[in-house]
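See below for the structure under consideration.
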Amino acid sequence: MRRNEFADLQPGEELLIQAGCPTANGPLAENKTVVVAAVDGFSFLTTEGDGFGACHSEGFVLKTGNTQEVALSDKARQILDELGL
């Protein structure tokens, strides 16, 4: 995805994050499929509670075309509660 496409993400969209994508814990070792829980401008939170932003992950994120029900992990729920969302 390009930077401007991040703002158009919707909760429930399934994404493929490609190996090598920069994260706070270092680059992803392997491809990872995630579901969007919330969107804030050019960044998004996954249902697992991981955050990704366009500034670091542009080009590593692909839409799969699938959607899923948003089932939040405890970590994601806590983050959203802290943000008041």
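If the chain linking Thr64 and Thr33 were pulled fully straight, counting 0.36 nm for each residue of separation and taking away their Cα-Cα distance, it would gain 10.3 nm. Taking packing as the residue-averaged number of other Cβ atoms within 10 angstrom, the listed peptides 24-31, 45-52, 8-15 run from highest to lowest as 45-52, 8-15, 24-31.
Can you check what the net charge comes to around Gly59, using other residues whose Cβ is under 10 Å from the Cβ of Gly59 (Lys, Arg +1; Asp, Glu -1)? Mind showing how you got there, number by number?
Details: positive: Arg2, Arg3; negative: Glu58.
Charge balance in the 10 Å sphere: +1.
Extension gain for Cys55 to Ser73 (0.36 nm times residue separation, less C-alpha to C-alpha distance): 4.0 nm. Mind pulling the angle between the C-alpha long axis of helix 74-83 and the longest principal axis of the chain? Nearest 10 degrees, somewhere in 0 to 90. Helix 74-83 sits at roughly 80 degrees to that axis.
Give me the percent of accessible area attributable to carbon and sulfur for the chain, probe 1.4 angstrom. The partial results should precede the final answer.
Values: 2400 of 5140 Å².
Carbon and sulfur together cover 47 percent of it.
A 1.4 Å probe run over the chain, with the rest of the protein chains in place, finds 60 Å² accessible per residue. Per residue, the average separation of C-alpha pairs within less than 8 Å and at least 6 apart gives the chain a relative contact order of 34 percent. Net charge of the neighbourhood of Phe44, taken over other residues with C-beta under 10 Å away and scored Lys/Arg +1, Asp/Glu -1, is -3.
Electrostatic bookkeeping for Arg2 treats Lys and Arg as +1 and Asp and Glu as -1; over the other residues with beta carbon under 12 Å from its beta carbon, the sum is -1.
Labels on offer are (i) 29, 27, 21; (ii) 58, 23, 17; (iii) 58, 27, 19, and the one holding Cα extents along the principal axes in Å computed from this structure is (i).
The values are calculated or read from the model by the stated rules, or taken from the named source; none is laboratory data. Predicted model, so just to flag it, every value in this text is computed and none were measured. As a convention, Cβ positions derive from the backbone with ideal geometry for all residues, glycine included, and neighbour counts pool all protein chains shown. Heavy atoms of the whole protein, side chains included, go into the accessibility calculation; ligands, DNA and RNA do not. Shrake-Rupley method; radii C 1.70, N 1.55, O 1.52, S 1.80 Å.
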